[in-house]
Amino acid sequence: MLILSTTALLSLFTANLGGAAVYKVGDSAGWTIGGANVDYHTWAASKTFRVRDILVFEYNRTQHNVLRVSLADYHKCNAGNPIISYSSGNDSITIKGPGHYYYICGFPGHCQAGQKLDVRVLKVTRPADSQSPSPAPAAVSSTTSGRVIAPSPVNNKSSAHSLFLNNGLGLGLCLTLFLIVFSAL
């Protein structure tokens, strides 16, 4: 019973530290061309990617690969100068920072047929404290010509809770607690 309680506590702390979303590129179709008819531009546009999210590329490695490329190589479908290449057939890529990440399939004709992906990652990260209220949307007035002015983002990085979780102290404390309880058995 004590081990079960400790395991549940460990799971709770680990879940709070994670916060990353996992996206299977192309959803059920995966990273492919042909009969699946996946529009990767539309797929990516329907998602909100953030730092620490994980992209999972699943594909037949004898027929596809994944190349991270520059913007110019993305537009030209140039597979000759990749930033990094993946070829396992099941690649998990953690987003490290904001900006655009460009991926293509390096097999001849695949990129030109639409097997290319532009992932836009927001500059803001998920707040570590999910209990913080979201700011209310700005009201539209006739003087703004129909434009909505977004409120300033909330900076949670100064809170003790965020500092605790973002520096890995929560995981360290949790693991220490687990080891103490486990060694007492």
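Observations on the structure shown:
- Tally of residues being open to solvent by 30 Å² or more (accessible area, probe 1.4 Å) and in a loop (DSSP other than H, G, I, E, B) across segment 86-103: 4
- The number of residues in segment 61-76 being in a loop (DSSP other than H, G, I, E, B), in contact (Cβ under 8 Å) with a residue 24 or more places away in the chain and surrounded by fewer than 19 Cβ atoms within 10 Å (Cβ to Cβ) comes to 3.
- Filter pass, D39 being within 14 Å of the chain's Cα centre (by Cα) and acidic (D, E): no
- Flag set for D53, criterion: more than 19 Å from G109 (Cβ to Cβ), acidic (D, E) and at pLDDT 95 or above.
- Qualifying positions in segment 1-28 - at pLDDT 95 or above and out of contact with any helix residue (DSSP H, G or I) (no Cβ under 8 Å at 6 or more places or on another chain): A21, V22, Y23, K24
- Qualifying residue in segment 43-60 (condition: assigned to a helix (DSSP H, G or I) and open to solvent by 50 Å² or more (accessible area, probe 1.4 Å)): yes
The values are calculated or read from the model by the stated rules, or taken from the named source; none is laboratory data. Quick caveat, the model's predicted, so the values are computed rather than measured. Positions of Cβ are backbone-derived with ideal geometry, glycine not excepted, and every protein chain shown enters the neighbour counts. The protein model used for the area step is the full one, side chains on, heavy atoms only, and it has no ligands, DNA or RNA in it. Shrake-Rupley method; radii C 1.70, N 1.55, O 1.52, S 1.80 Å.
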